[in-house]
Amino acid sequence: MPYKPVPEPRKGPRKHLTFAETRAVMRQAASTGVFEHVLVRLLYEVALRAGEISQMRLDHLKRLHLNPAQLYLPRGKGSAAGWATVSPELAQMLTQWVQEHHRIADVAVAAYADPARFIFPGYARNGKVRGVTRQTVYNAVRDVCLAAGVDRSVAHPHALRHARATHLFQEAERQGLDARSALKTVAKLLGHRSAETSWEHYIAETGRGREVADAAFRRATEEDFE
């Protein structure tokens with residue numbers, strides 16, 4: 001596919017949660033409750049959006065018992081959905097949530113017996129069960145972040161997704177990986193279908209200038225994302 005430069009983001013580097021702030025948010029979420037803890041972990045570890053969390057159903061947990069554990073990630077905004085390996089800690093949190101909230105002992109069995117049940121249920125005005133609303137997720141994460149002492153500008157769910165991307169870019173640089181490898185890693189985590197989207201994140205998250213970022217994107221062709 002021919003290379004086409006992408007316009008540089010106008011706002012430049014965005015404010016993001018540091019490693020220390022992210023750890024503080026994690027600790028605060030753990031002390032707040034299982035719901036808040038698993039929400040924050042999903043938003044950061046697998047970089048889900050709030051709206052994607054509301055779509056999660058028990059069917060998405062049917063590989064959670066495997067080693068390594070896998071979780072189906074529903075994606076929005078044109079991102080690629082699919083199965084992803086998750087940490088034992090996140091797998092345990094999800095298992096604990098389902099067992100306590102849904103009163104289900106065997107998550108794997110429930111995933112097949114009642115696949116359409118929402119993992120995080122909410123209720124419409126007519127009483128119909130639906131996924132938890134994005135506003136509920138937003139409020140829960142905002143309260144946890146503010147209680148952890150982070151700035152209000154990053155006290156929202158999407159800040160955790162951005163933080164994950166930023167930290168991966170920073171870790172790649174510490175390990176001496178080239179920008180192409182970093183772009184591929186972040187693209188896979190965030191579910192990007194296009195190298196162009198990851199390129200925009202690369203500039204926004206790292207604050208790199210156009211020359212460095214543009215050269216990195218030129219090497220990360222669309223073939224890397226197929």
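Listing for the model above:
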{"quantity": "Residue ID - surrounded by the fewest Cβ atoms within 10 Å (Cβ to Cβ), chosen from residues in region 15-53 that are of a type in the set (D, E) and under 10 Å from the mean Cα position of the chain (by Cα)", "calculated": "E45"}
{"quantity": "Boolean, L64 is under 20 Å from L168 (Cβ atoms), buried (at least 18 other Cβ atoms within 10 Å of the Cβ) and assigned by TED's automatic domain parsing to the domain that holds R23", "calculated": "no"}
{"quantity": "Residues within region 135-160 that are under 11 Å from L17 (Cα atoms), within 16 Å of the chain's Cα centre (by Cα) and surrounded by fewer than 22 Cβ atoms within 10 Å (Cβ to Cβ), tallied", "calculated": "4"}
{"quantity": "Residues (assigned to a helix (DSSP H, G or I), aliphatic (A, V, I, L, M) and touching a residue at least 40 places away in the same chain (Cβ under 8 Å)) located in region 95-142", "calculated": "V98, V107, A108, A110, A111, V137, A140, V141"}
{"quantity": "Filter result (modelled with pLDDT under 85 and under 17 Å from D114 (Cβ atoms)) within region 52-93", "calculated": "none"}
{"quantity": "Within region 1-25, tally of residues that are modelled with pLDDT under 95 and among the aliphatic types (A, V, I, L, M)", "calculated": "4"}
{"quantity": "Total residues in region 13-47, condition over 16 Å from V154 (Cα atoms) and in a loop (DSSP other than H, G, I, E, B)", "calculated": "2"}
{"quantity": "Odd one out for V40, checked against (1) among the aliphatic types (A, V, I, L, M); (2) more than 16 Å from T95 (Cα to Cα); (3) modelled with pLDDT of 95 or more", "calculated": "(2)"}
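The values are calculated or read from the model by the stated rules, or taken from the named source; none is laboratory data. This one's a predicted model, so the numbers in the text were calculated from it and none came from an experiment. Glycine also receives a Cβ, built like all others from the backbone with ideal geometry; neighbour counts cover every protein chain displayed.
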